[in-house]
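What follows is calculated from the coordinates using simple rules that are stated; it is not laboratory data. Small disclaimer: the values here were computed from a predicted structure and weren't measured. Neighbour counts run over all protein chains shown; Cβ positions are idealised from the backbone, glycine included.
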């Protein structure tokens, strides 16, 4: 912070004169989750009648910051001022009373209540004694939705609405609370272009009424269209804050989001990929996957990148047989395969390491040995025969091969470190000779050392001919360990990078829909 | 519009079952729609109906209460055994019982809403405690409930039997609750607690309130059954708990909370009550009663699964 001597005049948007106090001023906001620092002293200002765009890559802290401002999380340090007054709200309810309202990226509606009740949940329009004024509430609901140009049945239970309908409902709910400061967290992800245009009309009307808006989006074109100022976050820190008018300096934004160029050095691993073992073409699932094409060769590690929620998890789950595709084909070694359940794909050697290892990957109350043999036992041909000696040999070999640090096969898996747990989740697939290994965010919540070890394990597997497709939200880690990187954006693979072209700038540009 | 609402409310399977069992009953007992038969039926059904609606309110909040039956017993024993010379007359006995009912509901509510215990286990445990207390009050069936209560329960007001009026008043209360802010919070929390919290709903208070309102109905139920038996019995309410869960299922109320209405529980209670009639008039030994009730609950679950499948297809 700079303290200016009295009488010194500054021009430009950085000046905070007493007459023009910012509507919201957050200073030094810090938030830790366990050992991870999500936000590290971030400043954010929002002026009345202005739209500030909040940009950043995965894990940069955009959502955490907006949830703190909206009262859903409490910061570990830092102050929030609303028109110059320090506020500390403990709940979304209190924040809403002060006029701070958030529309979430993932709509949070009560699925069984009709749309109109959802919109006014917690802020019911009531008559004497708390009885709901149904006609007034329904009228107001219809008018807010009408403003957004939505033709939704206000009596339909919210759970029956389409994804875009729910998103509109979430925005309408926020609008119905007459915000002074409105936070829109990825509001346009599932909206049609016409709906986006209507939303922007509403945003313009709100700003002309003096409402301040924080706009989070991964679509740079929209940010360019609507924002007056831009704040860029990287790894929980503010790295850029400037006023814009019209055209965005996209190169500068991407530069700021990706950080220092030094970090792109990587040990050059030479792997010799074999023949194509998996070919996916025009795979479609609902709105999550809109025609995905990819090829995977034996002995290579391919990274799947992009911002969160662009369809990466759905892609992995569909290939692994958790979901059924609406269209498209999955071809393994020249033979088309389809699955009604994961078991069918495991038979074809296609295995998924899910992202939630505690809930999906491991039997937390069982031993290392039981976990390692679980897949093998469940897939064996004669389930009534338990080849005890063979299983014990497999467990010993796998612990050795993956260098799992454990007291032995009998140790409870819950007592291993996160990295070693993840090795167990990978190791159990060695019992059925996984030929194609899909991994969803395998290094989530593990330290850098464990991360290196996990990739060393993957490297070892690739060396023995396994084809590996790994989705990770951290770009650096993929750059470091993968032979190729595929970038997903809104349900499609929009960029395939390899060799020299594989750098953070290119990945980030493609992640924001600005691929070459 | 009307049909869409009716379909969404989930009461249609229960309604169909009610029509079926009533038809059976009329076939076996031609005077079913005669005034004496209806009056005795409603007097018999009312305590069950009230407990079923209490369970419905809790289930709509995505909780469960397995102590309702034992609660009825305990309240019944309290009515029959409180020394009137100390508490001071029939009316004060009733008031003390009401306070006891609210206290029991509050204990369950605190355990579930504020201490965050799983309602299935917590109310299973408190149910055992209520039963133990009831046995402590009355090791053997006996005691005496003020006969005036029985006269009142058997009377006609405005040409209608009092039990019917009780049910009508309770259903009117349910309608009002459904149109009140608190009622909407209660259902919203059951439908999606996280979303209710983010919308600013006082989630814990809503759950606590659900238990207190439900136990108000448990009190009315205990009053009704005591007015019929005019004595106390610690085992009186034993069957009520599972009957109430069954009625909730038959009434199309989702055990995952949020979906359904108290009307469904009313339907469910009537279906289960009339099945007992049918079994009696068909000359089937009453030991088969639970068997047939089980079949009906299975059928209701079948409807529910079928509905979910259809929703997934759509």
Ascending count of other beta-carbon atoms within 10 Å, so fewest first, for B:239, B:97: B:239, B:97
Degrees separating the helix A:368-379 axis from the principal Cα axis of chain A, which is the longest one: 80 degrees
Efficiency of FRET from Cβ geometry, residue A:79 and residue A:235, R₀ 22 Å, rounded to 0.05: 0.50
Two-site label geometry, residue A:139 and residue A:397: point separation in nm, points 7 Å out along Cα→Cβ: 7.7 nm
Anisotropy class of region A:18-261 from Cα gyration tensor, a/c 1.5 cut: prolate
Cβ-derived FRET efficiency at R0 56 Å, residue B:29 paired with residue A:163, nearest 0.05: 0.55
Fraction of beta bridges assigned by DSSP in region A:264-511 that are antiparallel (%, nearest 5): 55 percent
Highest average packing first - B:296-303, B:281-288, Cβ atoms within 10 Å: B:296-303, B:281-288
Paramagnetic reach from residue A:153 in region B:1-45 [backbone N under 12 Å; point 7 Å along Cα→Cβ]: B:1-9
Relative contact order (%) - chain B, alpha-carbon pairs under 8 angstrom, separation at least six: 36 percent
Label point distance in nm, residue A:106-residue B:38, each placed 7 Å from Cα along Cα→Cβ: 5.3 nm
Value of [θ]222 nm, deg cm²/dmol, for chain B, DSSP H segments ≥ 4, -39500 (n - 2.57) each, nearest 500: -24500 deg cm²/dmol
Crossing angle, helix A:388-401 versus chain A [Cα axis fit, 0-90 degrees, rounded to tens]: 60 degrees
Alpha-carbon centroid distance for the pair region A:431-508 / region B:19-90, whole angstrom: 63 Å
Cα gyration tensor shape for chain B, rounded if a/c is under 1.5, else prolate or oblate: oblate
B:156, A:459 arranged by Cβ crowding within 10 Å, fewest neighbours leading: B:156, A:459
DSSP beta bridges in region A:18-261 [antiparallel fraction, %, rounded to 5]: 55 percent
Principal-axis tilt of helix A:448-463 within chain A, Cα atoms, nearest 10 degrees: 50 degrees
Shape metrics for the protein assembly as shown, restricted to C-alpha atoms - Rg then Dmax, Å: 32.0, 101
Theoretical gain in end-to-end length, residue A:94 to residue A:293 [0.36 nm per residue, Cα-Cα removed]: 66.9 nm
Shielding by partners, peptide B:258-268 (average Cβ within 10 angstrom, other chains): 1
Sorted by Cβ neighbour density within 10 Å, fewest at the top, the residues A:62, A:405: A:405, A:62
Whole-Å distance, taken between Cα centres, linking region B:237-261 and region A:28-59: 47 Å
Region A:395-425-region B:189-231 distance, computed between alpha-carbon centres (Å): 48 Å
Value at 222 nm in deg cm²/dmol, rounded to 500, when DSSP H runs of n ≥ 4 in chain A each add -39,500 (n - 2.57): -9000 deg cm²/dmol
Segment residue B:306-residue B:281, extension gain: residue separation times 0.36 nm, minus the distance between their alpha carbons: 5.8 nm
Listed residues B:75, B:270, B:295, most fluctuating in chain B (Gaussian network, C-alpha, under 10 Å): B:295
Relative contact order computed over chain A (Cα-Cα under 8 Å; 6+ residues apart), in percent: 14 percent
Max mean-square fluctuation residue, GNM over chain B, Cα-Cα springs under 10 Å, options B:52, B:168, B:77: B:168
Antiparallel %, DSSP beta bridges [both residues in the protein assembly as shown], to 5: 60 percent
Mean projection area, nm², convex hull over Cα of region A:446-504: 4.6 nm²
Region A:163-246 shape via C-alpha gyration tensor axes, a/c threshold 1.5: prolate
Added length on full extension, which subtracts the Cα-Cα distance from 0.36 nm per residue, residue A:275 to residue A:336: 20.3 nm
Label point distance in nm, residue B:160-residue A:364, each placed 7 Å from Cα along Cα→Cβ: 5.3 nm
